[in-house]
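The values are calculated or read from the model by the stated rules, or taken from the named source; none is laboratory data. On a predicted model such as this, the values are computed, not experimentally measured, just so you know. Quick reminder, even Gly has a Cβ in these numbers, built from the backbone with ideal geometry, and neighbours come from all protein chains shown.
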Amino acid sequence: MKAILLRIFTWWHGATVGTLFHTWRKGEKVGEDQYGNQYYQTKGQRVDPALGIVRRWVIYKGEADASMIPAGWYGWMHHKLDVLPHQENYISRAWEKPHQPNLTGSAGAYRPHGSILQDNSQSSAKETYKPWNPA
Amino acid sequence: MAKIIIDGNEIEVPAEYTLLQACEQAGAEVPRFCYHERLSVAGNCRMCLVEVKGGPPKPTASCAMAVKDLRPGPNGEPPVVLTNSPMVKKAREGVMEFLLINHPLDCPICDQGGECDLQDQAMAFGIDNTRYAENKRAVEDKYIGALVKTTMTRCIQCTRCVRFTTEVAGVTELGAIGRGEDMEITSYLEQAMTSELQGNVIDLCPVGALTSKPYEFTARAWELTKTESVDVMDAVGSAIRVDTRGREVMRILPRLNEDVNEEWISDKSRFIWDGLKTQRLDRPYVRHQGKLKPVSWSEAFMTVAAHVKGKKGSQIGGIIGDLASVEEAYAFKSLLETFGSHNLDCRQDGSMIDPAWGRASYLFNAGITGIDHADAVLIIGANPRKEAAVLNARLRKRWRQTGLPVARIGAPADLTYTCTDLGASLSVLADIEAGKGDFAAVLQAAKHPLVIVGHAALKGSDAKAVLAAAARLSQREGWNGLAVLHHAASRVGALDLHCVPSQGGLDARAMSKANAVDVLFLLGADEIDVDLGAFVVYIGSHGDRGAHRADVILPAAAYTEKSGLYVNTEGRVQRGYRASFPPGDAREDWAILRALSEQLGTGHQLPFNSLNELRAFLFKDYPALAELDQVHAHSAAGIDALIAHKGAFAAQPLEPLFADFYMTNPIARASAIMAECSALASGHVAMAAE
């Protein structure tokens, strides 16, 4: 029941009813990433007259957050790549780190050095100088 | 004087003023990049354009045009200058647009961001967009030493750094090659600058082309707390601003003080701050069976009290170091006096100067501004370039203005200006007094002769004779040119307090000998080797020579961590302020002495409980120290007795006072930046020797 209500009344959770209807009518599923986000493009790769290119979109699993899209899918979504991350000829770069969504606002958010919000906010005052050691 | 109308206001200014100076006098703000009050006029940035009525029908660079160059109107009206006309506005916008063609838009990652002249003036006088889509010119970064980081793409070719190094610092190591867009500021050979004042190009650079290398990417200008203070790296007492973030000193910048440092400071003053964060004494130590063990304050005090108990005054001694403020020297002296001890000395370098000869015998009597009036200078034993780099820049300025004749007795050194070498032996002094030699005549003819005496010449038993001869050579009506150049920030203040042995007390050298005293207190004294034997109590901030020798270490505050008075070489009392707090359990020196005094038993307790109370006692005993920031220049009081003294001079050549400019105190020795500079400087020496 909650899921249905969320679906009808919210736009930030998954897709709206309108988007789902559009996806059902015009969309064609391309794949799914490790977070469960689903990626779609227009059926038969029809070129969207307004865009001049094939329309590509994502239906998030859970809350809609663009930083949830991992690097490979990001490239595909932005028409930088046509190769999908799960295809064989997809080249992953050596310097790519495992994808991490934006953690701002969550417990895992970045806290700068010396921040009192840090978990182990052991006073960083000690680190501002190096004591002399008589040994 | 000439009349001139600026923005409708008629004012009268000296005829040789530039239009820019006249505009400033009239209160009109003129933007500029290349123009700097203390450097020659270059006139190449074109930012200071103003409209001149009656002149050519084009904007004029106000920094390069003098008031006397302007023609009056047809009926003799004063010339008219406009700084806010539409033509000037358009000209400034045009210049700014040109400057920004090749300036990168990297302000977010630029260390100058927030304190950048180009940023500010682009906001105030520029336009809000650009018409250039072309690629920007890129310039390779240059290596110019361990202190100054270059990002030459940001350079707008104002040439302030080139003019500073050649004119003020006196090293021709920076220059420009190429023309127009291809002009580049370079050190030609990618070598480190050799000047002791090179850090000032960071302040001079109006953009982020030259920034501080040690400070690189550590803080932003607006997040720093600024504390105005006084430098203690030499006895000039340069005005500095200590920038802190939290409890950390992030950088040190000069402040304007026309009478002392103008707006320069030496590299040691500017880049010492990393030494404030290493090798710090942050807890008391007591030596148990040959090993220093951390203890509590009360334990440390008890240990000292146990060793002091039952000792006579003659068995106790104290040496004051080079960085001590007047307050702690006073507290130190008061504490020793409670024991009846006369073994007190502030001259750990072994100089023989004595306050009994009169205050005029140990001051830079002419004052630092007196250099601007000097017409002949004799330097005895001092190397002002190393002992007081900023003061040397003033000597160089006078030399550039008037061709000041300078002669020097002492170990050979490059002072950055022409200097007649009179040899390294003090016996030359007798010849000069007798009127022998060319320079003796110059000195005799001079109206304002300045005789600078360094501590290298005051270490022998002939110190009084040297001072007497210097005093005789430098007295004129209303002018006392006897100038003792100190190198330790604490020295003049401690001499004012008479912190020297009295009534047969031992001096620093005698106290450091084995078994001279039983208990020896060192107040930050690190430049002296204390032989084994005495029980040594070290009060100081850094784990240096004194701490290694100590039996009890009482951790104290460094100069940025306490408020204190310092008297500079000309006798100017200046007040430094606390910028951060001492690390760990360390405390301010006077508070340590006060707390210790209570533990030493009745009769030893010092009478003050706060710094203000201490100062009240200090000013009651020594009223002269209450006169902040004042100099009684040319006072010759008590110098007659000195002048009457005659003595022979030692024949052996003078040694340089210290070998390494960058390693003269415990903070500097703890600093990695200073160590790097020192290595670079000794590399230069090695290169020169090859």
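If I filter segment B:133-153 for residues that are out of contact with any helix residue (DSSP H, G or I) (no Cβ under 7 Å at 6 or more places or on another chain), within 17 Å of B:Pro31 (Cβ to Cβ), free of Cβ contacts under 8 Å to residues at least 12 places away in the same chain and of a type outside the set (A, V, I, L, M, F, W, C), do I get at least one hit? No: zero hits.
Looking across segment B:270-301, the residues that are more than 8 Å from chain A (Cβ to nearest Cβ) and assigned to a strand (DSSP E or B) come down to B:Val286, B:Arg287, B:His288, B:Lys293, B:Pro294. Exactly one residue among B:Phe608, B:Phe619 is more than 14 Å from chain A (Cβ to nearest Cβ), within 30 Å of B:Arg359 (Cβ to Cβ) and assigned to a helix (DSSP H, G or I), and that residue is B:Phe619. Within the bounds of segment A:67-75, is there any residue that is free of Cβ contacts under 8 Å to residues at least 40 places away in the same chain and within 22 Å of A:Trp24 (Cα to Cα)? The answer is yes, given that some residue of segment A:67-75 is free of Cβ contacts under 8 Å to residues at least 40 places away in the same chain and within 22 Å of A:Trp24 (Cα to Cα). Identify all residues within segment B:392-451 that are among the β-branched types (Val, Ile, Thr), more than 22 Å from B:Val260 (Cα to Cα) and in a strand (DSSP E or B); write none if there are none. Of everything in segment B:392-451, those that are among the β-branched types (Val, Ile, Thr), more than 22 Å from B:Val260 (Cα to Cα) and in a strand (DSSP E or B) turn out to be B:Ile409, B:Thr420.
Examine segment B:581-597 for a residue that is closer than 30 Å to B:Leu482 by Cα and either crowded, with 20+ Cβ neighbours inside 10 Å or among the aromatic types (Phe, Trp, Tyr) (or both), and state whether such a residue exists. Looking through segment B:581-597, none of the residues is closer than 30 Å to B:Leu482 by Cα and either crowded, with 20+ Cβ neighbours inside 10 Å or among the aromatic types (Phe, Trp, Tyr) (or both). On the basis of being surrounded by fewer than 23 Cβ atoms within 10 Å (Cβ to Cβ) and part of a strand (DSSP E or B), does B:Thr211 make the cut? Yes: the conditions hold for B:Thr211. Going by the structure shown, is B:Asp629 assigned to a loop (DSSP other than H, G, I, E, B) and either of a type in the set (Asp, Glu) or closer than 30 Å to B:Lys312 by Cβ (or both)? Judged against the criteria, B:Asp629 is a match.
When segment A:17-48 is examined, which residues are found to be assigned to a loop (DSSP other than H, G, I, E, B) and modelled with pLDDT of 90 or more? Write out each step before concluding.
Residues of segment A:17-48 assigned to a loop (DSSP other than H, G, I, E, B): A:33-37, A:46, A:48.
The answer is A:Asp33, A:Gln34, A:Tyr35, A:Gly36, A:Asn37, A:Arg46.
Here the condition is being part of a strand (DSSP E or B), of a type outside the set (A, V, I, L, M, F, W, C) and more than 25 Å from B:Ala457 (Cβ to Cβ); of B:Gln503, B:Gln574, it holds for B:Gln574 alone. I'm checking my understanding of the structure. Among residues of segment B:562-575 that are surrounded by 24 or more Cβ atoms within 10 Å (Cβ to Cβ) and in contact with a Leu (Cβ under 8 Å, 6 or more places away or on another chain), which one is nearest to the other protein chains (Cβ to nearest Cβ)? Step by step, filter segment B:562-575, then rank; the result is B:Val567. Of all residues in segment A:88-126, exactly one satisfies the criterion of being modelled with pLDDT under 75, charged (D, E, K, R) and either in a loop (DSSP other than H, G, I, E, B) or exposed (fewer than 10 other Cβ atoms within 10 Å of the Cβ) (or both), namely A:Asp119. Of all the residues in segment B:533-548, those that are within 12 Å of chain A (Cβ to nearest Cβ) and either among the aromatic types (Phe, Trp, Tyr) or free of Cβ contacts under 8 Å to residues at least 24 places away in the same chain (or both) number 2.
In segment B:237-269, the qualifying residues are those that are out of contact with any strand residue (DSSP E or B) (no Cβ under 9 Å at 6 or more places or on another chain) and buried (at least 24 other Cβ atoms within 10 Å of the Cβ), and the one that is farthest from the other protein chains (Cβ to nearest Cβ) is B:Ser266.
In segment B:580-603, the qualifying residues are those that are touching a strand residue (DSSP E or B) at 6+ places or on another chain (Cβ under 9 Å) and assigned to a loop (DSSP other than H, G, I, E, B), and the one that is farthest from the other protein chains (Cβ to nearest Cβ) is B:Glu588.
Can you confirm whether B:Gly126 is under 30 Å from B:Ser671 (Cβ atoms), touching a helix residue (DSSP H, G or I) at 6+ places or on another chain (Cβ under 8 Å) and surrounded by 15 or more Cβ atoms within 10 Å (Cβ to Cβ)? Answer is no for this residue. Take B:Ala557 and tell me if it is within 14 Å of chain A (Cβ to nearest Cβ), within 27 Å of the chain's Cα centre (by Cα), without any contact (Cβ under 8 Å) to a residue 60 or more places away in the chain and over 15 Å from B:Gln348 (Cα atoms). Against the criterion (within 14 Å of chain A (Cβ to nearest Cβ), within 27 Å of the chain's Cα centre (by Cα), without any contact (Cβ under 8 Å) to a residue 60 or more places away in the chain and over 15 Å from B:Gln348 (Cα atoms)), B:Ala557 qualifies. Among the residues of segment B:506-513, is any buried (at least 24 other Cβ atoms within 10 Å of the Cβ), under 25 Å from B:Ser229 (Cα atoms) and out of contact with any His (no Cβ under 9 Å at 6 or more places or on another chain)? Among the residues of segment B:506-513, not one is buried (at least 24 other Cβ atoms within 10 Å of the Cβ), under 25 Å from B:Ser229 (Cα atoms) and out of contact with any His (no Cβ under 9 Å at 6 or more places or on another chain), which makes the answer no.
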